[in-house]
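Presented below is the structure to which this report refers.
The values are calculated or read from the model by the stated rules, or taken from the named source; none is laboratory data. Source: prediction; values computed, not measured. With ideal geometry, Cβ positions are generated from the backbone for all residues, glycine too; neighbour counts draw on all protein chains shown. When the accessible area is computed, the model is the full protein with side chains, heavy atoms only, and any ligands, DNA or RNA have been set aside. Shrake-Rupley method; radii C 1.70, N 1.55, O 1.52, S 1.80 Å.
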Amino acid sequence: MSERYDHQAVEQRWQAAWEEQGIDQTKADPARPKWYALTMLPYPSGDLHAGHWYAMTPSDAAARFRRMQGYNVFFPVGFDAFGLPAENAAIKHNLHPKKWTYDNISRMRGQLRQMGAMWAWDHEVVTCDPDYYKWTQWFFLRLYEAGLAYREFAPVDWCPGCNTTLAREQVVGLDRLCERCDSPVVKKELNQWKFRITRYAEELLTELGALAWPERVKTMQTNWIGRSEGAEVVFSVQPTTDCPEGSTISVFTTRPDTLWGATFLVLAPEHPAVSALTPPSHRASVTAYTEAAQRLDERTRTATDKEKTGVFTGAFAVNPATNQSVPVWIADYVLMGYGTGAIMAVPGHDERDYEFAHKFSLPIVTVIEPPLGTTAPTGAYSSKTEGTLVASGPFTGTPVSEAIPRVAEWIEGQGFGKRTITYRLRDWLISRQRMWGTPIPMVYCARCGEVPVPYEALPVALPDDAAFKPTGESPLKYHPTFRHVSCPRCGNAAERETDTMDTFLCSSWYQYGYISPYWKKGEVIHRDDTPWDPAAFSYWAPVDQYTGGIEHATMHLLYTRFFSKALRDIGLYDFSEPMIRLVNQGMVLGPDNEKMSKSRGNVVNPDDYVRDYGADTVRGYLMFLGPWEQGGPWDPSAIEGISRFLHRTWRLVLEEVAAEPGSRAEGTTTDVGKADSLVERRMHQLIMRATDGLSDFRFNTVIAGFMEFANLLSRERGSVSGSVWRTACRTLLQLMAPIFPHITEELWHRHGEKGSIHRSQWPVADPEKAKEDTITIVIQVNGKLRGEISAAPGTPREQVEAAVRSHPAVGKWCDGKEIRKLIVIPDKLVNVVV
RNA sequence: GCCCAGGUGGCGGAACUGGUAGACGCGCUGGACUCAAAAUCCAGUUCUGGCAACAGAGUGAGAGUUCGAUUCUCUCCCUGGGCACCA
């Protein structure tokens, strides 16, 4: 009896050997094709959990597969190390977030090594290292120079009790209370930095088409960018005693064709024109409404099932098409951040406007008739393709489909509006009133205004001695030397920006940071430096295969695309998209099919399973539990299946080695020949299946294929010849190597192979040898399965038809009735219709 | 609420472009081995009726297209992800 599979000994031995041999170190080699495989970098939260294993080990398997296919593979790892949890921990335990973060990182490095992944540790980056974030600051300055960064007032959620800005997750419940002190949260306008991502809206949209990304992500980004074609229409405000000279209100509409039906205007409560418009008689109610609206979050405001609210401002405007006077209202379902912050309400043909008009008894006018024969709906008829304009001046009688562009053109010609395109996408607000982030390299000087920190003075470093008070307010504001500086331009006393950057900036360029980590470490940098090693960059960039959670579909994945385009436009390279291919994995859930969380008590600790079963088993289990893109529950008992499979494979391969090749070919010659061709055929089929499956991240069915083949081998072990057996085992090990790197390496060497299995050449299938010699053709009668026949592939239709007509099942089920039709799908099925 | 996914045996899932529903694994049942257990191996396992052969039903619900629908279309229900300061 041979030695049992001891996962601990095997995994320790090979992890040490690989490290010693430097097998996973990566070097640019222009003579070889490159493959940059990237997995979203982890946040160092403290412990590696099941989700990290689920995100990382399958992408490692895919990277290993590419390496065996002959690519020079780069598979780096690092840490997205700035963020809110470190500050929370700092306040709670009165320590510096840096200490908490780096302690977590060193712990997680050890856990990451247990995965047996082919990480390029020699390229690791940590985003909170000053030699990393000096480049984040350099990018900020270059974007600022390019006009892509600007400052304006924007609201934040503010806790008056803690005197600090709150993140969304710190605002609790529908009452919107502070999670620390339960004070009601208010909105506060702060002067903050933004990036002009909207300048790239069109390009971000159109270039999605060429990306090898999942359709679901492309759709989500398309909707997130939310391009709408329409028109801006200018309404003049009717002069009154309070508002003597006619000002104007510009509205955005996607339905300029309904202009004749616009019976009132609605402004966002925070619209800047509101206070000037509102006469004293209406001021109290308008102010009260505006204040109430600002307490609500956007999702509640725009919920279509929420009862509409609003107040009349007391002002009137003039519909430029009808010259009729229309009242001006404010309502919270109109948002300042979209379009112009004002709409023309067409209650006849817009559902929300209809509800509003209905509730407040405002006039509803029909300007579109549905097509004949269609019954008009009870509410607003809003089809964009069908119907005809009525009571619409020169356009009466025009079909809706033509009217939209024609009316827009007419509006432009009349001089009271213009055609425009708006996007739902908003500029990226990057200011954070927090300490543990990349400082924004700006100084405010009473004389010079906003002054960028000179490139040579980077990094603007975070102080190591900041005091954390339980108020949560950024300690940068109170630090004695950080805030008060001299102006880089005039030398007078000035103030440094104390806000830091959104951590999404750090992760918008890290894929380039990995290529030459901490480039120009410790050196003074200049505006015209390249932020990376140019030779290595031109070899490795961009990323060939990106993987990460679907939850990043719209934010991170849009930000990094924007960043890549902006860097292209400042002349750093000439490609446009950072990641050519993308695959998003789903989530591992707890055994109860719910999201893992401490409060639910369903958290699975992968370390325990690695200790009991080994990394290979955990890797294989995670890849077997379901389609990777879908995720699924971690079922603690199902892991036994993979464990058994690996033990069985161990015995299968080793027992052969102990015997003489060919020694079990004792049976008859015909048996050996039959078994050999069967095993060979299945082996070539398996190579095809594994190659396709690993290319497409369909690990679960690939593993099922391994099991089927191993089951076949153990069934046929007595009748197959030695050389076929040996090739079959060798091939199986190679195909399994990306998913199960340790056990396959061990068995590879015990099988007498030299060199690492991971540097061996991926098996190539011979499609001829994979072909079946007989196939089953299914017989259906009226779509129901009634029998089957065997035939050689490619049997002519006439022969198949004849065989089917004479088949006993057909006679029985047709029961003397006439055969109306015979549908023949070659090599698959015949359906008899009677 | 809006956008995007998903819903198949007791459980996780499989089924390439519309063509044998349930591969593979877990669990369960029976058997072999054992003093016994564990481990391992063999057989069975969608549901209903039947000793069986076999018949009928069946992929969240309802409709539709088709010779044929888990797959395509529409409506609805449920679950998950995202909704711009968690990362």
| If the Cβ limit is 6 Å and pairs must be 6+ apart or interchain, which residue in the stretch A:566-588 that is closer than 23 Å to A:ALA201 by Cβ pairs with which residue that is open to solvent by less than 20 Å² (accessible area, probe 1.4 Å) and among the acidic types (Asp, Glu)? | A:ILE580/A:ASP544
| field | Selection status of A:VAL326, farther than 26 Å from A:ARG227 by Cβ, at pLDDT 90 or above and either in a helix (DSSP H, G or I) or aliphatic (A, V, I, L, M) (or both) | value | yes
| said: Need the failing condition index for A:PRO405 against (1) outside any loop (DSSP other than H, G, I, E, B); (2) more than 16 Å from RNA strand B (Cβ to nearest atom); (3) touching a residue at least 40 places away in the same chain (Cβ under 8 Å); (4) of a type outside the set (Gly, Ala, Ser), just the number. | reply: (3)
| message | Can you pull out every residue in the stretch A:692-743 that is free of Cβ contacts under 8 Å to residues at least 24 places away in the same chain and among the hydroxyl-bearing types (Ser, Thr, Tyr)? | response | A:THR701
| What residue, of A:ARG176, A:ARG168, is open to solvent by 30 Å² or more (accessible area, probe 1.4 Å) and of a type outside the set (Asp, Glu)? | A:ARG168
| said: As an exercise: evaluate A:GLN780 against (1) within 13 Å of RNA strand B (Cβ to nearest atom); (2) over 19 Å from A:VAL832 (Cα atoms) and give the number of the one condition it does not meet. | reply: (2)
| task | State whether one or more residues within the stretch A:169-192 are closer than 18 Å to A:ARG295 by Cβ, under 25 Å from the mean Cα position of the chain (by Cα) and not acidic (Asp, Glu). | result | yes
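Go through the stretch A:206-249 and give me each residue that's assigned to a strand (DSSP E or B) and open to solvent by less than 20 Å² (accessible area, probe 1.4 Å).
Listed by number, the residues that qualify are A:GLY230, A:ALA231, A:VAL233, A:PHE235, A:VAL237, A:ILE249.
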| field | Failed item in (1) within 16 Å of RNA strand B (Cβ to nearest atom); (2) surrounded by 17 or more Cβ atoms within 10 Å (Cβ to Cβ), with A:GLU746 passing the rest | value | (1)
| Residue list for the stretch A:292-314, restricted to those being of a type in the set (A, V, I, L, M) and at pLDDT 95 or above | A:VAL311
| task | Tell me which residues, restricted to the stretch A:606-658, are more than 7 Å from RNA strand B (Cβ to nearest atom), modelled with pLDDT of 90 or more and either acidic (Asp, Glu) or open to solvent by 60 Å² or more (accessible area, probe 1.4 Å) (or both). | result | A:ASP607, A:ASP608, A:ARG611, A:ASP612, A:ASP616, A:GLU629, A:ARG651
| query | Restricting attention to the stretch A:784-800, and to residues there that are within 14 Å of RNA strand B (Cβ to nearest atom) and outside any strand (DSSP E or B), which single residue is most open to solvent (accessible area, probe 1.4 Å)? | reply | A:ARG797
| remark: Within the stretch A:815-834, the residues that are open to solvent by less than 90 Å² (accessible area, probe 1.4 Å), within 22 Å of A:THR795 (Cβ to Cβ), more than 8 Å from RNA strand B (Cβ to nearest atom) and without any contact (Cβ under 8 Å) to a residue 40 or more places away in the chain are A:ILE819, A:LEU822, A:VAL824
| message | Can you confirm whether A:LEU112 is more than 28 Å from A:GLN170 (Cα to Cα), within 16 Å of RNA strand B (Cβ to nearest atom) and at pLDDT 95 or above? | response | yes
| Scanning for something more than 14 Å from RNA strand B (Cβ to nearest atom), part of a helix (DSSP H, G or I) and crowded, with 24+ Cβ neighbours inside 10 Å, does the stretch A:40-54 turn up at least one residue? | yes
| query | Taking A:GLN685 and the conditions (1) within 41 Å of the chain's Cα centre (by Cα); (2) at pLDDT below 95, which numbered condition does it fall short on, given that it satisfies the others? | reply | (2)
| Which members of the stretch A:1-28 meet the condition of being without any contact (Cβ under 8 Å) to a residue 60 or more places away in the chain and either buried (at least 18 other Cβ atoms within 10 Å of the Cβ) or among the acidic types (Asp, Glu) (or both)? | A:ASP6, A:GLU19, A:GLU20
| query | Taking A:LYS812, is it without any contact (Cβ under 8 Å) to a residue 60 or more places away in the chain, within 13 Å of RNA strand B (Cβ to nearest atom) and open to solvent by 100 Å² or more (accessible area, probe 1.4 Å)? | reply | yes
| message | With the structure loaded, tell me whether A:PHE575 is assigned to a loop (DSSP other than H, G, I, E, B) and either farther than 17 Å from A:TYR54 by Cβ or in contact with a Phe, Trp or Tyr (Cβ under 7 Å, 6 or more places away or on another chain) (or both) or whether it fails that test. | response | yes
| task | Taking the options A:PHE252, A:PHE264, A:PHE312, name whichever one is open to solvent by 10 Å² or more (accessible area, probe 1.4 Å), aromatic (Phe, Trp, Tyr) and more than 16 Å from RNA strand B (Cβ to nearest atom). | result | A:PHE312
| request: Determine whether the stretch A:271-291 contains at least one residue that is within 16 Å of RNA strand B (Cβ to nearest atom) and modelled with pLDDT of 90 or more. | output: no
| remark: Of the residues in the stretch A:342-375, those that are crowded, with 22+ Cβ neighbours inside 10 Å and part of a loop (DSSP other than H, G, I, E, B) come to A:VAL346, A:PRO347, A:GLY348, A:HIS349, A:ASP350, A:VAL367
| query | When only residues in the stretch A:578-600 that are assigned to a loop (DSSP other than H, G, I, E, B) and within 18 Å of the chain's Cα centre (by Cα) count, which is nearest to RNA strand B (Cβ to nearest atom)? | reply | A:GLY586
| task | Take A:ASN72 and decide whether it is of a type in the set (S, T, N, Q), surrounded by 20 or more Cβ atoms within 10 Å (Cβ to Cβ) and in contact with an Asp or Glu (Cβ under 9 Å, 6 or more places away or on another chain). | result | no
| query | So which residues in the stretch A:411-445 are open to solvent by 60 Å² or more (accessible area, probe 1.4 Å), in contact with a Lys or Arg (Cβ under 7 Å, 6 or more places away or on another chain) and either of a type in the set (Asp, Glu) or under 28 Å from A:ARG527 (Cβ atoms) (or both), if there are any at all? | reply | A:GLU412
| query | Would you call A:ALA90 open to solvent by 10 Å² or more (accessible area, probe 1.4 Å) and assigned to a helix (DSSP H, G or I)? | reply | no
| query | Within the stretch A:132-183, which residues are in contact (Cβ under 8 Å) with a residue 24 or more places away in the chain, assigned to a strand (DSSP E or B) and away from RNA strand B (no atom under 14 Å from the Cβ)? | reply | A:ALA149, A:TYR150
| task | Only one of these is open to solvent by 10 Å² or more (accessible area, probe 1.4 Å), in contact with a Cys (Cβ under 9 Å, 6 or more places away or on another chain) and not aromatic (Phe, Trp, Tyr): A:ARG489, A:ARG527, A:ARG496, A:ARG483. Name it. | result | A:ARG489
